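Contents: one structure, followed by commentary.
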Amino acid sequence: MDISKIRTDYTKKTLDIADVQSEPLVQFELWLKEAIGAEVHEPTAMVLSTVHNNIPSSRVVLLKDLKEGGFVFFTNYESRKGLEMLENSHVALNFFWPELERQVRVIGIVKKSSKELSDIYFQSRPENSRVGAWSSPQSKGIPNREWLEDQEQAYSQKFMGKDIPRPEYWGGYVVEPQQVEFWQGRASRLHDRIQYTKINDIWSLERLAP
């Protein structure tokens, strides 16, 4: 199999500075609504990249809101990514919507969301997901799958018929964007790239070469 010959010419849409909003979060929300309307598979999936000891690490997480000035997601604060974000608050996000031939790249500063936002979202989760937050010591070594299933069963019994509280070690993060790039695939690899950069709390826009 010669993967060097795999290529796609992008021709669906165009992007120009004259067509975008002045605020990147407003522009992102428009694109996200289009992705959802186009039935993109996992439209809220985003790659979150963190850095620990100058070594980057990436994983896919789900965007859950656009509040508190940025991109909101939830996870275990004691997980690998949680500890890495505690050490270094500079992170990157990447969204890719191949059905629309679009990509959004975000560089920003991450912080914990308000407790209120974390509580509201946690209580909106299905019961088994709330139990799972208690059952899994995320990113830590465990002896086997059976141990994890035993943990789930134990917490299910503990909380049976009760409200399941949010663990203190679980909650939300907000990525406050400092730079956002909207990428629209174009023919012949001459893609459209519009970049927002925050300078003194003001967003400037420029077109980048593909």
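The values are calculated or read from the model by the stated rules, or taken from the named source; none is laboratory data. Nothing here was measured: the structure is a model prediction, and the numbers come from that model. Cβ: placed from backbone, ideal geometry, glycine included. Neighbour counts: every protein chain shown.
Take region 1-39 and flag every residue that is modelled with pLDDT of 95 or more, assigned to a loop (DSSP other than H, G, I, E, B) and surrounded by 12 or more Cβ atoms within 10 Å (Cβ to Cβ).
13, 15, 20, 21, 23, 38
Every residue, every condition in (1) buried (at least 19 other Cβ atoms within 10 Å of the Cβ); (2) over 23 Å from residue 50 (Cα atoms); (3) in contact with a Leu (Cβ under 8 Å, 6 or more places away or on another chain), yes or no:
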| position | (1), (2), (3) |
| --- | --- |
| 149 | no, yes, no |
| 154 | no, yes, no |
| 161 | no, yes, no |
| 172 | yes, no, yes |
| 176 | no, no, no |
| 181 | no, no, yes |
| 184 | yes, yes, yes |
| 188 | no, yes, no |
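Go over the candidates 204, 139, 118, 114 one by one and state the one that is closer than 19 Å to residue 66 by Cβ and surrounded by fewer than 17 Cβ atoms within 10 Å (Cβ to Cβ).
Values: 204 fails: closer than 19 Å to residue 66 by Cβ; 139 fails: closer than 19 Å to residue 66 by Cβ; 118 fails: surrounded by fewer than 17 Cβ atoms within 10 Å (Cβ to Cβ).
Exactly one of 204, 139, 118, 114 is closer than 19 Å to residue 66 by Cβ and surrounded by fewer than 17 Cβ atoms within 10 Å (Cβ to Cβ), namely 114.
Filter region 43-63 down to residues that are over 8 Å from the mean Cα position of the chain (by Cα) and not in a strand (DSSP E or B) and give me whichever is modelled with the highest pLDDT.
Filtering region 43-63 down to residues over 8 Å from the mean Cα position of the chain (by Cα) leaves 43, 49-59.
If we keep only those that are not in a strand (DSSP E or B) too, we end up with 43, 53-54.
Working: 43: 98, 53: 94, 54: 94.
Residue satisfying both the conditions and the ranking: 43.
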